[in-house]
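The values are calculated or read from the model by the stated rules, or taken from the named source; none is laboratory data. Keep in mind that this is a model prediction, so the values were computed, not measured. Virtual Cβ from ideal backbone geometry, glycine too; neighbours counted across all protein chains shown. These accessible areas exclude ligands, DNA and RNA; they are computed on the full protein's heavy atoms, side chains included. Shrake-Rupley method; radii C 1.70, N 1.55, O 1.52, S 1.80 Å.
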Amino acid sequence: MALTVIVILAMQAAADLWGSQTPPLYKTVSLVAFVVGTVFAMIANLVWRWFWRRFPILNKWLFPDLNGRWIGTLQSTWADPATGSSPGPISTEVTVRQTLFDVSVKMKTGESCSYSARVIPEAEPQADRYRLWYSYDNRPVASVQHRSTPHEGVAWLEIALADDPNQLTGQYYTSRKTTGDIKVMRDV
């Protein structure tokens, strides 16, 4: 709410200046705060990874830098209707794109690609547990859509820095009423 007020007052101050009028002090202060805040946010978003590398304690205090490619497997509970058996572990690649203000997750297997729609980071530093909760849209390749339809789902990926800072584990749940486990390692 306060940010909205600052933005509106800053816009009014800019309009006053554009129209060769002197804005009131409170509008001028709002304009300065908006410009300084915007510049600070842009710079912080560009250099945050440098700070995380320089001061690793930030991984524990705030949230770990999970950027990059993660390789591993997922194990689905889906059972083939013809045989009743579940496929063995499926090779998967997870790509996390993280900025100071945004996170996205992409998961790719040999048969489909999933893209996050919303991501919510959850940090519990006292328990050394950091999770990315996300909803996703999955689009199988055309050749398998007769048995694997496009679907939506929810997943979480978790890291325990003290156990293994290069491993993410998690689970997923689909709108097709299947679930599965995910285990990936950072591709360094």
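Is one or more of the residues making up the range 48-60 under 30 Å from Thr174 (Cα atoms), touching a strand residue (DSSP E or B) at 6+ places or on another chain (Cβ under 9 Å) and among the basic types (Lys, Arg)? Checked against the condition, which is being under 30 Å from Thr174 (Cα atoms), touching a strand residue (DSSP E or B) at 6+ places or on another chain (Cβ under 9 Å) and among the basic types (Lys, Arg), the range 48-60 yields no hits at all. Screening Ala127 against (1) in contact (Cβ under 8 Å) with a residue 60 or more places away in the chain; (2) out of contact with any helix residue (DSSP H, G or I) (no Cβ under 7 Å at 6 or more places or on another chain); (3) exposed (fewer than 15 other Cβ atoms within 10 Å of the Cβ); (4) within 20 Å of Ala162 (Cα to Cα) leaves a single unmet condition, (1).
Any residue at all in the range 152-165 that is open to solvent by 70 Å² or more (accessible area, probe 1.4 Å), in contact (Cβ under 8 Å) with a residue 60 or more places away in the chain and over 21 Å from Val119 (Cβ atoms)? Within the range 152-165 (the criterion being open to solvent by 70 Å² or more (accessible area, probe 1.4 Å), in contact (Cβ under 8 Å) with a residue 60 or more places away in the chain and over 21 Å from Val119 (Cβ atoms)), the answer is no, since none of the residues qualifies.
Can you find, within the range 132-142, the residue that is farthest from Trp48 (Cα to Cα) among those that are open to solvent by 40 Å² or more (accessible area, probe 1.4 Å) and in contact (Cβ under 8 Å) with a residue 12 or more places away in the chain? Among those residues, the one meeting the criterion is Val141.
How about the range 141-180: which of its residues are touching a Pro at 6+ places or on another chain (Cβ under 9 Å) and either at pLDDT 95 or above or over 17 Å from Thr77 (Cβ atoms) (or both)?
Pro150, Ile159, Leu161, Pro165
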